[in-house]
Structures are given as C-alpha cells and as structure tokens.
Amino acid sequence: MARLWYRGVGALLLAILAFAWSWSMGWTQPKAGLDLAPAGLQLQEVGRGVYALVGQEDIPPPPDRAFVNAGFVIGSEGVLVIDTLSSPQLAELLFATIKSLTDKPILYVLNTHFHPDHTGGNAVAAKQNIPIVGRGRIRELMAKANPQLVPPNVIINSETEFWLGDRRVKVERVEGHAKGTDLVVYVPDAKVLFAGDMVFNQRFPFTGDGNIKEWQGSLYRLITTYPDAKVVPGHGEVGDVSMLRAQFAYFNFLEQLALSWKAQGLTKEQAIAQAQEIPPAYRDYKFQGLYGGNPNTGLQSNLDSAYDQFSRSLGIPLLP
Ligand SMILES: [Zn+2]
C-alpha cells in the first residue's frame with residue numbers, strides 16, 4: 001500500500017515538473033481554447049514556418065466572422081504578419097495564434113493594400129508599437145475609406161526585402177486592384193506567394209477600385225515568375241497558380257462580354273440588365289453580389305467595371 005502511495009506521489013511530482021519545464025521553455029503548442037472556427041477562420045501551415053489564416057465566410061459575413069485571409073512567416077529572429085483581417089477582434093485572434101506557435105517577436109506587419117477588410121485590425125499592431133508597412137497613397141486612401149483605421153507608418157514604393165533573421169522575404173509591387181497600393185509577398189525558401197487581393201479563389205473579385213487591364217498584366221507576370229508557388233489568395237482557399245489563371249480567364253470573359261455590348265451599342269443599364277445571369281462556370285463562386293451588383297453591399301459590380309473599362313473607347317468622346 002505504502003509503495004503504491006509513493007508511486008502515485010512520484011507520478012504527480014513528475015507531472016508537476018513536466019508542467020513547470022514546459023512553462024519555462026515557452027511551450028509552443030497551440031493553446032487550448034484558442035478556437036478559430038467560431039470566427040470563421042482556419043489555420044494552415046503552407047510551408048515550414050509559413051502560415052495562412054483562411055476566412056471561410058461569404059459576404060456579407062455575420063459579425064466578427066472572417067471572409068478574408070491573413071498570413072505570417074516565422075524566421076529565426078521574428079515574425080512578419082501579412083494583413084490584419086477586418087477588425088481588431090479578429091486581429092487579436094491572429095496575434096494570439098502567432099503567440100501560440102512561436103515565442104519570437106512580431107517584427108513587422110504588412111498591408112497588401114488599403115481596403116479595410118485587410119487593414120481593419122492594424123490598431124492591434126500599433127498598440128504593440130509594431131511597424132506597419134504599406135505602399136503608395138495607402139495612408140490617404142485608408143483615411144478616406146474610414147478615418148478610424150490605423151494606417152501604415154512605413155511606406156515602401158519599390159521591391160523590398162525583409163530579413164527575419166536567417167529568412168528572406170521578398171515584397172513587390174503589383175498593379176490593378178487597389179489604386180496603386182497593391183503588394184505581394186514571396187517567401188523563396190518555402191515557395192509561398194501571398195498574393196493579397198490580386199487573386200480571389202472561387203470568389204468574384206472586387207473590381208470597384210481596379211483597372212482590369214493592369215490587373216491582367218500583373219497576374220500574367222506572377223504566373224510566369226512563380227509557376228511552382230503555393231498561393232495564398234486574399235480571399236478563398238490556398239492553392240497554386242491555377243487560381244491566378246482562372247482569374248485571368250474570368251477577366252478575359254468580362255472583356256469579351258463588354259466588347260459584345262459595345263458592338264450592340266447597349267447603354268450601361270441595358271448591358272447590365274441583359275447579363276445578370278451568372279454563367280455556369282462561375283455559379284459556385286462566392287461573393288455573387290460582386291458579379292451583377294447587389295444594392296445591399298453598395299459595391300461596384302464586375303459588370304459595371306467591365307462596361308466602364310472596356311465598352312468605352314478611351315480618348316474618344318462618348319456619343320449620345
Ligand atoms: Zn479583400
């Protein structure tokens with residue numbers, strides 16, 4: 001009996017010691033209770049120390065649930081965070097996820113463009129004095145979109161490298177989606193491309209601030225520069241460059257459609273009314289309100305952008 005008791009106490013002591021040891025070592029297992037599913041988020045390791053948080057919701061999302069992606073790269077000296085999701089609450093969850101995986105400090109936060117669904121959690125980074133990096137007129141455009149947002153305090157306008165200790169991360173400019181604020185992030189040693197909103201996977205893209213022709217050019221360059229990359233889109237599941245090709249093809253479809261409207265001499269109202277039905281190839285896409293228009297979102301539709309950008313001949317005055 002006494003021996004059994006000793007054995008029990010011994011096991012308990014061992015358990016306490018193991019707990020104390022893991023505590024002192026900054027144990028890096030995800031914390032119990034850090035449940036991402038209720039926020040509509042899924043964590044994926046897309047390369048060694050490279051993670052995506054993938055928002056599962058359609059738009060408009062229920063409150064405090066994610067329809068947008070973020071990511072982070074862990075190097076030997078620290079972490080780079082890519083986008084802060086759409087609210088401080090979701091950003092807190094992103095930062096807690098990072099803390100559950102590493103005890104390295106967050107060195108930088110980068111915004112892939114100015115839209116509030118990707119920058120809405122910047123305040124959480126600012127509170128911790130973490131530099132926030134963006135491009136072009138991002139400060140001005142964010143202030144216009146929502147003065148409550150915290151804008152980047154580091155502006156980069158050319159190709160840039162971040163070193164996270166032993167790990168190099170490349171940041172480069174792309175064009176066409178968000179008024180000269182678009183950046184993509186590439187991690188060479190893991191072949192992972194964070195494409196921001198240059199690509200929406202299985203979702204209609206938001207084209208209301210875009211220039212589709214320029215966007216096409218940048219998609220083409222990304223496809224040819226990073227043919228083997230794993231791609232984390234701004235919205236939708238992680239995949240490969242085939243999603244960039246799919247979006248390229250979708251833009252070609254919009255262009256052809258708009259040229260046919262032009263040939264028929266349709267007004268914008270006639271054209272959009274005639275094209276409301278979503279083609280079979282895109283019926284499973286999320287964000288359907290962005291295709292033909294949804295008065296509830298107030299966002300410019302893809303058909304609207306196509307008419308403006310392809311049905312009119314630039315430089316030639318419109319005839320009534
Ligand atoms: Zn977005």
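Structural remarks
- Filtered residue count, segment 133-151, keeping only those that are within 16 Å of the ligand (Cβ to nearest atom) and in a loop (DSSP other than H, G, I, E, B): 3
- Test: residue in segment 112-123 that is away from the ligand (no atom under 16 Å from the Cβ) and at pLDDT 95 or above: yes
- Considering residues of segment 190-224 that are in contact (Cβ under 8 Å) with a residue 60 or more places away in the chain and of a type in the set (S, T, N, Q) only, the residue surrounded by the most Cβ atoms within 10 Å (Cβ to Cβ): T207
- All helices (runs of 4 or more DSSP H) inside segment 85-132 with 1 or more residues being touching a Ser or Thr at 6+ places or on another chain (Cβ under 7 Å) and among the hydroxyl-bearing types (S, T, Y): 116-119
- Of all residues in segment 66-96, those satisfying the criterion of being within 16 Å of the ligand (Cβ to nearest atom) and among the polar types (S, T, N, Q) are N69, T84, S86, S87.
- The single residue among K99, K179, K170 that is more than 16 Å from the ligand (Cβ to nearest atom) and in contact with an Asp or Glu (Cβ under 8 Å, 6 or more places away or on another chain) turns out to be K170.
The values are calculated or read from the model by the stated rules, or taken from the named source; none is laboratory data. None of these values were measured; they are calculated from a predicted model. No Cβ is skipped: glycine too gets one built from the backbone with ideal geometry, and neighbour counts run over all protein chains shown.
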